[in-house]
Amino acid sequence: MTIYQPPSYLHDYLASGRRKTIFVKKNAKTLQRIDFESVSYLAADGAYTDVHFRDGTRCTLDMGICLAIKEFHRNDLLQIHRSFAVPFHAIQSVRCGELVLINGRELPIGRVYRSGLQEALVG
């Protein structure tokens, strides 16, 4: 049995974070088209992940948050808590222990993720 491996140039393109529209696996039979610029944040819900959009809608993916982050193939999607991940374009500010999104929503920052967040934002 041969497993398909995409060409390296395709992997580099996917990982570069340049695509605005992406397809992620919603469940075993469905690929969901998502405009990444409209994503506000990802929230873990047990074995599922809810993708929350700026317009207040959401889409549920049939996978945990760690796998969902990998499915997005984005280098600008950052996990900030064991239950939350945010794209850089959605971040308004960072306060002590929490992150404020452009839409005003406040999300907690896990202790384990604080230094990685600071390094990703400031350098």
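Pairs linking a residue in the stretch 89-106 that is on the phi > 0 side of the Ramachandran plot to a residue that is at pLDDT 95 or above and not in a strand (DSSP E or B), with Cβ atoms under 8 Å and 6 or more positions apart or on different chains, are 97/109. Any residue that is at pLDDT 90 or above, under 9 Å from the mean Cα position of the chain (by Cα), part of a strand (DSSP E or B) and of a type in the set (Ser, Thr, Tyr) - is there at least one of those in the stretch 75-98? The answer is no, given that none of the residues of the stretch 75-98 is at pLDDT 90 or above, under 9 Å from the mean Cα position of the chain (by Cα), part of a strand (DSSP E or B) and of a type in the set (Ser, Thr, Tyr).
Out of the stretch 24-67, which residues are small (Gly, Ala, Ser) and at pLDDT below 95? Outline the logic, then answer.
Filtering the stretch 24-67 down to residues small (Gly, Ala, Ser) leaves 28, 38, 40, 43-44, 46-47, 56, 64.
28, 38, 46, 47, 56, 64 - these are the residues of the stretch 24-67 that are small (Gly, Ala, Ser) and at pLDDT below 95.
Just one of the numbered conditions (1) touching a Leu at 6+ places or on another chain (Cβ under 7 Å); (2) farther than 17 Å from residue 38 by Cβ is not true of residue 121: (1).
Of the residues making up the stretch 78-88, one or more are over 21 Å from residue 37 (Cα atoms) and either without any contact (Cβ under 8 Å) to a residue 24 or more places away in the chain or among the charged types (D, E, K, R) (or both).
The values are calculated or read from the model by the stated rules, or taken from the named source; none is laboratory data. The shown structure was predicted, so the numbers you read here are calculated from the model rather than taken from an experiment. Cβ sites come from the backbone with ideal geometry, for glycine too, and all protein chains shown count toward neighbours.
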